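The values are calculated or read from the model by the stated rules, or taken from the named source; none is laboratory data. The shown structure was predicted, so the numbers you read here are calculated from the model rather than taken from an experiment. Methodologically, a virtual Cβ is constructed for each residue, glycine included, from the backbone with ideal geometry; neighbour enumeration extends over all protein chains shown.
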Amino acid sequence: MMGKTDGFLLYKRREDGMRAVEERIKDFKEIHAEQSHEERCRQAARCMNCGVPFCQSGMKLHGMFTGCPLHNLIPEWNDEIYRENNEHALKRLLKTNPFPEFTGRVCPALCEKACLNGMEGDPVTIRDNERFLIEYGYEKGLLEPVIPSIRSQKRVGIIGGGPAGLAAAHRLNQRGHTVVVYERDDEIGGLLMYGIPNMKLDKSIIKRRRKKMEAEGIIFHTGVCIGKDITLEELRNQYDALILACGAKQERIPNVEGIMETAGIIKAVDYLKQTTKALPGLPEINAKGKQVVVLGGGDTGNDCVGTCIRQGCTSVIQIEMMPKPPTERTADNPWPEWPKTLKTDYGQQEAIHVFQKDPRIFSHTITALIQKDGILQALEIAEVHFEKGKQIISEKREQIDCDLLIIAAGFIGCETQLPLSLGITCTQRNTVSTAEGYYMTSIDGIFTAGDMHRGQSLVVWAIQEGLMCAKEVDEWLMGYTNLI
Ligand SMILES: Cc1cc2nc3c(=O)[nH]c(=O)nc-3n(C[C@H](O)[C@H](O)[C@H](O)COP(=O)(O)OP(=O)(O)OC[C@H]3O[C@@H](n4cnc5c(N)ncnc54)[C@H](O)[C@@H]3O)c2cc1C
Ligand code: SF4
């Protein structure tokens with residue numbers, strides 16, 4: 001049934017939005033703002049309950065995914081929110097998504113890009129509605145631990161406590177298997193914890209989830225590095241099945257002479273992790289009083305820009321190799337495809353507010369470092385363009401002052417030493433191999449999921465992979481599965 005038949009005509013899209021820039025750059029608290037109850041119902045009423053809901057389709061079009069990979073039952077819970085049946089709406093949300101508090105904060109909302117309302121106008125505020133529902137659930141005490149009544153006597157070990165490992169742990173534990181998660185960091189969450197900054201996802205949200213999962217019976221061993229503290233072989237002998245969910249955190253380092261030896265250069269994830277760990281203080285390497293350059297115009301680069309501004313940098317520039325995308329969809333990139341358009345994210349908006357200009361320099365790359373006594377002073381940059389996929393760098397060079405360079409130039413796969421230690425086959429892209437659409441590695445009983453399997457991706461994909469992997473593990477352990 002459609003909630004309100006003319007909601008999409010009557011009401012304009014109104015996002016929850018963010019706290020005002022001048023206020024939010026003073027702290028590392030979450031940027032998300034709140035919405036009134038009445039407005040929430042109106043936003044949900046904008047959903048047309050489409051016969052073919054592209055929002056929940058999660059399909060590949062022209063090589064890029066669009067729609068929700070978890071196939072969240074979006075029109076159903078939008079309708080329930082409009083009717084103020086939030087408790088039931090939450091149940092429908094939790095049917096497909098075990099962690100809406102993560103996706104409701106950090107997902108780029110593939111669902112909204114595919115929403116039919118977005119074909120001519122503005123999509124439904126699906127992600128905001130999702131975050132509202134899960135927070136409503138916690139506030140009203142609707143998320144009490146669900147302890148499985150029967151245990152299977154099967155034991156599953158999961159290596160990596162990021163969203164992929166956590167999603168698999170959740171599903172397998174609910175099914176009744178005994179689940180132990182090994183995480184080498186001091187906290188679970190993977191890049192949710194020590195990649196994505198606090199202003200997007202406060203770390204108390206991850207700790208809240210951990211408490212619930214522990215109460216449900218999942219055992220977490222943090223500060224344990226598999227391959228170092230315990231070998232994979234040893235672990236294999238202790239469990240009926242293992243899942244490798246170690247992420248794909250190997251950063252791409254540009255080929256510039258001296259880049260790893262010069263002081264004043266740091267990799268993005270190291271920078272963001274140190275920042276989170278040092279809060280409310282400053283880490284040893286920080287942006288205070290510095291002229292910062294972030295190499296890489298993507299989401300990680302944007303998080304670094306927002307972090308530098310909060311640490312009090314004197315300037316920030318973001319260098320991006322690719323040309324500036326169009327502001328509107330082009331004719332060959334129609335709805336419901338993923339829009340290849342310019343996105344000015346929160347960090348860039350903050351830089352524009354503070355320094356009155358967009359921090360991004362498109363179609364450029366770094367060609368040399370200028371240093372004194374091993375300390376970075378400036379960068380030499382040049383224009384770059386592509387011909388038949390080949391990078392052409394202009395002869396003309398420019399110099400920009402820089403005393404902190406943050407490398408956010410993408411990722412080149414997982415650390416393959418661990419799977420290779422047992423002879424597990426890896427791909428040339430440094431991911432762990434499986435048959436297409438499956439999660440079992442080349443060794444029986446050892447599975448893989450998340451970035452380690454598909455390459456650096458998104459939280460929503462890590463969750464989807466964790467759930468699908470859990471289903472395969474369950475079938476392997478029991479000879480059948482009822483998991484979805
Ligand atoms: C800075 C940054 C910002 C991002 N922002 C977003 C965003 O806004 N939205 C979004 O959707 N995606 C974002 N992503 C991508 C997203 O975080 C990842 O795709 C996702 O976290 C992958 O989940 P995962 O569980 O596969 O791996 P990870 O999150 O990387 O977790 C893997 C875990 O395995 C642990 N581990 C590794 N090796 C071992 C070992 N040998 N023993 C024990 N533990 C081990 C690691 O410590 C880590 O905790 C961002 C990524 C980065 C780097
Ligand atoms: S595509 Fe948009 S309007 Fe249609 S069901 Fe999904 S959220 Fe509602």
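Only one of the numbered conditions (1) free of Cβ contacts under 8 Å to residues at least 60 places away in the same chain; (2) buried (at least 18 other Cβ atoms within 10 Å of the Cβ); (3) assigned to a loop (DSSP other than H, G, I, E, B) is violated by Pro334, and that is (2). Looking for whichever is touching a residue at least 24 places away in the same chain (Cβ under 8 Å) and closer than 14 Å to Ala114 by Cα here; the options are Leu90, Leu61. Which one fits? Answer to the selection: Leu61. Residues of the stretch 114-132 that are in a helix (DSSP H, G or I) and either within 16 Å of ligand 1 (Cβ to nearest atom) or surrounded by 22 or more Cβ atoms within 10 Å (Cβ to Cβ) (or both): Ala114, Ile126, Arg127, Asp128, Asn129, Glu130, Arg131, Phe132.
Here's the yes/no breakdown for (1) loosely packed, with under 14 Cβ neighbours inside 10 Å; (2) in a loop (DSSP other than H, G, I, E, B):
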| position | (1), (2) |
| --- | --- |
| Lys4 | no, yes |
| Lys12 | yes, yes |
| Lys29 | yes, yes |
| Gln35 | no, yes |
| Glu38 | yes, no |
| Cys55 | no, no |
| Glu80 | no, no |
| Lys91 | no, no |
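Against the definition (crowded, with 22+ Cβ neighbours inside 10 Å, touching a residue at least 24 places away in the same chain (Cβ under 8 Å) and away from ligand 2 (no atom under 16 Å from the Cβ)), how does Val146 come out, yes or no? Against the criterion (crowded, with 22+ Cβ neighbours inside 10 Å, touching a residue at least 24 places away in the same chain (Cβ under 8 Å) and away from ligand 2 (no atom under 16 Å from the Cβ)), Val146 does not qualify.
A quick yes/no check of all residues on (1) surrounded by 15 or more Cβ atoms within 10 Å (Cβ to Cβ); (2) over 21 Å from Pro163 (Cβ atoms); (3) not β-branched (Val, Ile, Thr):
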| residue | (1), (2), (3) |
| --- | --- |
| Ser433 | yes, yes, yes |
| Glu436 | no, yes, yes |
| Met440 | yes, no, yes |
| Ala449 | yes, no, yes |
| Met452 | yes, no, yes |
| Leu458 | yes, no, yes |
| Gln464 | yes, no, yes |
| Leu467 | yes, no, yes |
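Note on the stretch 368-420: enclosed strands (runs of 3 or more DSSP E) holding 1 or more residues that are among the aromatic types (Phe, Trp, Tyr), surrounded by fewer than 16 Cβ atoms within 10 Å (Cβ to Cβ) and under 29 Å from the mean Cα position of the chain (by Cα) are 375-387.
Among residues of the stretch 64-87 that are over 24 Å from Thr5 (Cβ atoms), those with a beta-carbon under 6 Å from a residue that is small (Gly, Ala, Ser) and surrounded by 23 or more Cβ atoms within 10 Å (Cβ to Cβ) at least six positions away or on a different chain give the pairs Thr66/Ala114.
Please enumerate the residues belonging to the stretch 149-178 that are part of a helix (DSSP H, G or I) and surrounded by fewer than 17 Cβ atoms within 10 Å (Cβ to Cβ). Of everything in the stretch 149-178, nothing turns out to be part of a helix (DSSP H, G or I) and surrounded by fewer than 17 Cβ atoms within 10 Å (Cβ to Cβ). Can you spot a residue in the stretch 28-40 that is within 16 Å of ligand 2 (Cβ to nearest atom) and not assigned by TED's automatic domain parsing to the domain that holds Tyr194? Checked the stretch 28-40: at least one residue is within 16 Å of ligand 2 (Cβ to nearest atom) and not assigned by TED's automatic domain parsing to the domain that holds Tyr194.
Confirm whether Asp122 is under 24 Å from the mean Cα position of the chain (by Cα), of a type in the set (Asp, Glu) and farther than 29 Å from Glu216 by Cα.
Criteria met by Asp122.
I'd like to know if the stretch 174-182 contains one or more residues that are more than 18 Å from Lys471 (Cα to Cα), touching a helix residue (DSSP H, G or I) at 6+ places or on another chain (Cβ under 8 Å) and within 9 Å of ligand 1 (Cβ to nearest atom). Scanning the stretch 174-182 turns up at least one residue that is more than 18 Å from Lys471 (Cα to Cα), touching a helix residue (DSSP H, G or I) at 6+ places or on another chain (Cβ under 8 Å) and within 9 Å of ligand 1 (Cβ to nearest atom).
What are the residues in the stretch 62-78 that are more than 7 Å from ligand 2 (Cβ to nearest atom) and surrounded by 16 or more Cβ atoms within 10 Å (Cβ to Cβ), if any? Within the stretch 62-78, Phe65, Thr66, Gly67, Cys68, Pro69, Leu70, His71, Asn72, Leu73, Glu76, Trp77 qualify.
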